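The values are calculated or read from the model by the stated rules, or taken from the named source; none is laboratory data. If you're wondering where the values come from, they're calculated on a predicted model, not measured in any experiment. When we count neighbours, we look across all protein chains shown, and the Cβ atoms used for this are built from the backbone with ideal geometry, even at glycine. Remember, those area values only see protein heavy atoms, side chains included, never the ligands or the DNA or RNA. Shrake-Rupley method; radii C 1.70, N 1.55, O 1.52, S 1.80 Å.
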Amino acid sequence: MTRRWPPFSARVAAAVFLLLLSPAATSQLGLGPAIAAWINGSPPPSPDAAAAAAAAASGPRSQEYAALQALKVAVTDDPKGALASWQGANVCAYKGVYCSAPPDGAAAAGASTVVAGIDLNRANLRGTLPDAVSLLAHLTFLHLNSNRLGGAVPDTLRDLQYLTELDLSNNLFSGPFPASTLLIPSLVYLDLRFNAFSGEVPPEVFAKELDAVFLNDNQFEGQIPDTLWASPATVITLANNHFTGAVPAAYEFGAGAGAGAGGRVREVLFLNNNLTGCVPEALGFLPSMQVLDLSYNALSGHLPGTLSCLSGIEVLNLAHNQLTGELPDLLCDLRRITNLSVSFNFFSGISQRCDRQLGSRGVFDFVGNCVPGRDMQRPQPECDEFPGEGGLSCLRIPGARPAGCGDAGVTIGVGVGVGIGGLPFGLPGAAAGGVVTVTVP
């Protein structure tokens, strides 16, 4: 009996079919990714994803489309449907996307409009921030606060040369301080608060030309950089972290101090960290300060009389520390103060003048101290057991209004030195980190 073979064409078709069952074979045969994926059991990529991949190599509008689709893909949960409109090539019609004319001098390959901003605040999006966001080459603001975005902040943010505002607050971002943000040349507003960033804050943060620096409610640790007072920012918030060590000492802040060296700062929040040591003398020479909160730390010693130089201060919170001695009367002369709290320290004396000038206005809180004859103070045994005055370096001698409040010829230096008439000198034998007040009649 003669065996009959299938026709040659059928045998070729069967061989090709068997060959295509192998994932490796699809690449060897040069098949397209969509066909290869379908043969190997996976669905082909979505039209949006395929178009985004092709667009990345095309013009500005195509790159913007690719970036926005990558962001959409990186979102794993969109309970409010914030990205439901992110379909099709007209990216300027996407909800939360704002288009405008290209920035002056920007190359936009003839495009009349570009994606200038994204505002997805309070959308409750879960996901990550993709590298492809850097394809939004003309982006000027990126507002993503109050979502559930996590992971690391992409290094590619440094490529956004026109970005001025970056708000990533109230998310789940983690890892070290996102150094890529310091390389964004036009950035003036940085908000990283309420995340899970950790590690040390680089000194370069305060050397950058930022109008505001929000770093509170993270897990940052280590010492606050000495460059803090070099920042031109008007608001700096460092609260609710794990910072340790001393409060950075401001330096050479007299009436002639320049605005670039802390002269612009109006609000600084240090509260609820692990800061120790003295309250620096030179904090009193920050000319524009309105809100200064040092509460809930472990600061010790006497308060410097130079704080009375803060003529524009409205809120001064020193509560819940380990401060001792008598409260300087000069603090009670602050005319604009609306809230002065020294509660839960170990002050042993508060003058009647403070009661008259501040107590009657309801702006003075000194409960929980060790002032004899006053109500709502610590039990005497607790005051007696307190270990001491915080060291000789934190002792101050009460006196007249400190020199330099309104005298450009007197400056206060860091550590043990002071400067008079611009000529610094040191005090022999003074311990490092000591503080000296010079009063000039």
*Measure off, as a whole percent, the carbon and sulfur share of the 1.4 Å-probe accessible area of region 199-394, all protein chains present.*
48
*Please state the charge dipole magnitude for region 199-394, taken about the Cα centre, from unit charges on C-beta atoms (+1 on K and R, -1 on D and E), reported in debye and rounded to the nearest 20.*
580
*Near Lys95, which lysines are there with a Cα under 25 Å away, not counting those fewer than 8 places off in the same chain?*
Lys72, Lys80
*Computed over the Cα atoms of region 307-346, what is the ratio Rg over Rh, Rh following Kirkwood?*
0.96
*When only DSSP loop residues count, what GluC sites (Glu not before Pro) in region 147-256 have their Cβ near at most 14 other Cβ atoms within 10 Å?*
Glu200, Glu209
_For the pair Asn90/Arg336, report the inter-label distance in nm, with labels modelled 7 Å from Cα in the Cβ direction._
5.1
*Based on alpha-carbon positions alone, could you give the equivalent ellipsoid semi-axes of region 199-394 from the gyration tensor, as √(5λ), descending, whole Å?*
28, 19, 14
*asked:* So if each residue of separation counts as 0.36 nm, and I subtract the Cα-Cα distance between Phe141 and Ala101, what length gain in nm does that give?
replied: 13.0 nm
*Modelled label reach - Ser198, point 7 Å along Cα→Cβ, region 266-287 residues with backbone N closer than 19 Å*: 273-274
*Distance in nm between label sites at Thr234 and Arg356, each 7 Å beyond Cα in the beta-carbon direction?*
3.8
